[in-house]
């Protein structure tokens, strides 16, 4: 197994690009995620052979699984899913899942803070409880009252930076 510095540095650089693009356009483009995934597979194969390639493929699959389910239910963009898969291929399944968990926590904290700032937290919580059948009071809410989506590019960059830096600092 080769040094994790190069994959980690590439992951942080790629997530920085994804964060910038997502913040500006609301999209993480295929021209970033697809070459990153292919490059990760090539890097692992060239540095470690078939075993590293297999580990990279498993990392991509494991790190794409949960985001793919969320995407299929309309809760996340496809670029986020492909970025998580590419990160799993690049840094491995365990670090990729750590990045994913931290990114979800950062995204959730940002979403709650945004709703508080907008004065919509109670409204959104009530609507969510009503949809789940746990709250019956008040008037029914229209579909347009659903909260806006949260872009994940910046939280993924923050998570990758924190997780990979702490991993490298600890080794």
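Some observations on this one:
- Fewest neighbouring Cβ atoms within 10 Å first, the residues 42, 121 line up as 42, 121.
- Site pair residue 168 and residue 6 shows an inter-label distance of 1.4 nm when each label is modelled 7 Å from Cα along Cα→Cβ.
- Rh by Kirkwood over Cα pairs, then Stokes-Einstein D for the range 16-103 at 1.567 mPa s and 4 °C, µm²/s: 100
- Computed over the chain with a Gaussian network model linking Cα atoms closer than 10 Å, the most mobile of 26, 78, 48 is 48.
- Among 99, 70, 116, residue whose mean-square fluctuation peaks in a GNM of the chain (springs only between Cα atoms under 10 Å): 116
- Stretch gain in nm, segment residue 57-residue 17, where the contour uses 0.36 nm per residue and the Cα spacing is subtracted: 12.1 nm
- Computed FRET value (nearest 0.05) for residue 114 with residue 27, which takes r as the C-beta separation and R₀ as 22 Å: 0.70
- In degrees, nearest ten, helix 153-170 long axis to first principal axis of the chain (Cα): 50
- Listed residues 160, 93, 109, most fluctuating in the chain (Gaussian network, C-alpha, under 10 Å): 109
- Cβ-derived FRET efficiency at R0 30 Å, residue 73 paired with residue 94, nearest 0.05: 0.75
- Angle between the chain longest axis and helix 121-131 axis [Cα atoms, degrees, rounded to 10]: 90
- Fully extended contour minus Cα-Cα distance, from residue 126 to residue 38, at 0.36 nm per residue: 27.3 nm
No value in this document is a laboratory result; all are computed from the given coordinates. For clarity, every value in this text was computed on a predicted model and none was experimentally measured. All Cβ positions, glycine included, derive from the backbone under ideal geometry; neighbour counts span all protein chains shown.
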